[in-house]
1. Would you list M140, M1 from the most to the least accessible area, probe 1.4 Å?
2. From largest accessible area down, sort V44, V67, V86; use a 1.4 Å probe on the protein chains.
3. What is the chain's relative contact order, in percent, from Cα pairs under 8 angstrom and six or more apart in sequence?
4. Residue-wise, which Karplus ³J(HN,Hα) couplings in Hz belong to region 169-175, taking 6.51 cos²θ - 1.76 cosθ + 1.60, θ = phi - 60°, and x for glycine or proline?
5. Return the tail of the calculated pair distribution for region 287-344, meaning the percent of Cα-Cα pairs more than 13 Å apart.
6. T302 versus S235, label points 7 Å from Cα toward the beta carbon: distance in nm?
7. Over region 1-115, what relative contact order in percent results from Cα pairs under 8 Å that are six or more residues apart?
8. How much of the accessible area of the chain, in percent, comes from carbon and sulfur atoms when a 1.4 Å probe is used?
Amino acid sequence: MVYFGTGDGQIIARDINSGAQLWAAKVSQEAIEGANLVARANVVVAVSVFHTTGLDAQTGRQLWRYVSPKDTVGWSQATASPGNLVASRVDTDNDMVYIPAWGASVSAIDLRTGAVRWVWQPGVIATDTATSGIFRSGSMGVRVSGDTVFSTLWHFTNRAGGSSDAWLVALDRNTGGEFWRVRIPAEGSGVMIQAPPAFYHNLLIIHTVAARTFAIDRTTRQIAWEFTAPGYTWSTLAGPEVSGDIVYVDGGDGQIYALRAADGTIVWKGMFGSATTRDLLVTDRHVIFPTGAELHILDRQTGQQLVVAVQPHTSEPLFASPAASANGLVFITVGDAALCFEEP
């Protein structure tokens, strides 16, 4: 099976080879807005705007539904809403699903029952400068490794949100206790961070919306290396992707960079001319990603652009999800349909 989310709040399971619909489940009145779907241990986890749902992967039967803690009450809000989940990346192991939300919070939920195991929130942050209240913050990316859940966090440093900083937090997988947190040494209008870290040996590699890449040593919690393209122009919504010894990032200058994960040196850079709008897919041969109405395929070894595609058979131009792959096939959600093609 391959699973797709829709703009009207459905999860649809299709046969991976034929595309035939096997089941459909309505989970929300809102669009499926999470940045990823996760299928693990016979459970599909889907994120809409304000809640997360667990479904039986074989039948689509709803197993549980979870609403994250309330978002921060900002200076213009009278009442807080549930934590926003738009573009959040969830992660799972065989026991729990970890859900980042605006507020900021990370919730650990039993994968099969939806029972809450723990909830972590950062409390007052050192860069708060308000005379009263707490500035808005949010977690939008988590990744679990061994006994640790790593969460990225953005945090407004002024009331209007025009300046922010970013944090990396390490949490105990079993209890939610905080092991440590590291503030990224940057502050400004482009320091928002959405994607979770990528792992390379002892390094945690994070990528900000302003296309700045940092590698943090998980033992010393020091910055091991930093990379920023000199011609940064566009913000990027794609996170870092590690494959082998290489980390792939959007440089914010219309180019994808392949960096040596150990030290951040450039292996190649491949021109595509705009900004990524979803996460990168790295396969054995290609780097595949959308830029709104176009889908780009680069050679993984050289960065050469091989394909620029638009949607066939539809009047809706948007590639609405990151691509996924299996068995030599690539899958992606498009503006009003699901698309599958053979990897070239």
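The values are calculated or read from the model by the stated rules, or taken from the named source; none is laboratory data. Quick caveat, the model's predicted, so the values are computed rather than measured. Cβ coordinates were reconstructed from backbone atoms using ideal geometry, including for glycine residues, and neighbour counts include every protein chain displayed. The area values use the complete protein model at the heavy-atom level, side chains included, leaving out ligands, DNA and RNA. Shrake-Rupley method; radii C 1.70, N 1.55, O 1.52, S 1.80 Å.
1. M1, M140
2. Correct descending sequence by accessible area is V67, V86, V44.
3. Details: 951 pairs, mean separation 25.4, N = 344.
Relative contact order here is 7 percent.
4. 10, 10, 10, 5, 4, 8, 10
5. In whole percent, the share of Cα-Cα pairs in region 287-344 beyond 13 Å is 58.
6. For T302 paired with S235, the spin-label model returns 3.5 nm.
7. 19 percent
8. 49 percent
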